[in-house]
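The values are calculated or read from the model by the stated rules, or taken from the named source; none is laboratory data. Please read these numbers as outputs of a predicted model, since none were measured by experiment. Here Cβ is always computed from backbone atoms with ideal geometry, including for glycine, and neighbour counts include all displayed protein chains. We work out accessible area using only protein heavy atoms, side chains counted, and drop any ligands, DNA or RNA first. Shrake-Rupley method; radii C 1.70, N 1.55, O 1.52, S 1.80 Å.
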Amino acid sequence: SVEPYAKLLHETLIKALRKINQNQTALQPYHDISERFYHELGVKLGPSIRSLHKDILQSLNHVGTNITAVKSELMEKACEGAFFCDYEIFKHLYRLEVRSAERGANSVLICLVTMSSYHNAMPSKEILNEAMAILKDCILSSLRKGDVVARFSPAQYILMINHTKVSVEKIVKRAVERFKNAYNSTFLKVSITTEPKVAILPVHVDKGQ
């Protein structure tokens, strides 16, 4: 909590958890530090801690595991709303959806949600982190379970939406309205761009509104 960017502390914690055979638990501090560095600082973790992560995954997938145990590990905990993952996983899921679309399945729409100040400048780090955390919750609760969300950059979320089911405009407006009701700080602007393009105007979020 005091030194959230101290890689050595996180690495030491991961090693300690591994020594007491808490490999599944050891994944959490890795994901925490990875998200901080990638999304807040825009840098990737060094090779030593990434090597630890690889070793943990290999130890979890040991020889002799039966199909029931594998299925149990694959299952997601009960949750509502869209699926949130890191961008690397998002890319693989998108490519899978593109393959499905080539076989005649439903197509998907990519949506980029960008946070900025009224004059299109980057908000301060503290304001941005707070606002993005609230926006994330609003997006996840507004989308369906089959939709996917990832943090694309410190000020952006990328969405993959099955636009054959519901109106994309309606989905995005619902998420932004929830954000406006939940966030009551400085003046910000949430801009939405889509591909294929859909006419959605930027939405201003103001404390006074």
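Among 94, 118, 157, the order of accessible area from largest down is 118, 94, 157, computed with a 1.4 Å probe on protein heavy atoms. For the pair residue 181 and residue 18, label points projected 7 Å from Cα toward Cβ lie 4.6 nm apart.
Spin-label model, residue 60/residue 27: points 7 Å from Cα along the beta carbon direction are separated by 0.2 nm. Near the amide H of residue 147, within less than 5 Å, lie the amide hydrogens of 83, all on another chain or at least 5 residues away, with H placed in the peptide plane.
Once the C-beta distance of residue 122 and residue 8 is scaled by a Förster radius of 25 Å, the resulting FRET efficiency is 0.30 to the nearest 0.05. With Cα atoms defining each centre, segment 1-21 and segment 79-99 are spaced 28 Å apart in the structure. Surface calculation, 1.4 Å probe, protein heavy atoms: residue 152 sits at approximately 80 Å² accessible.
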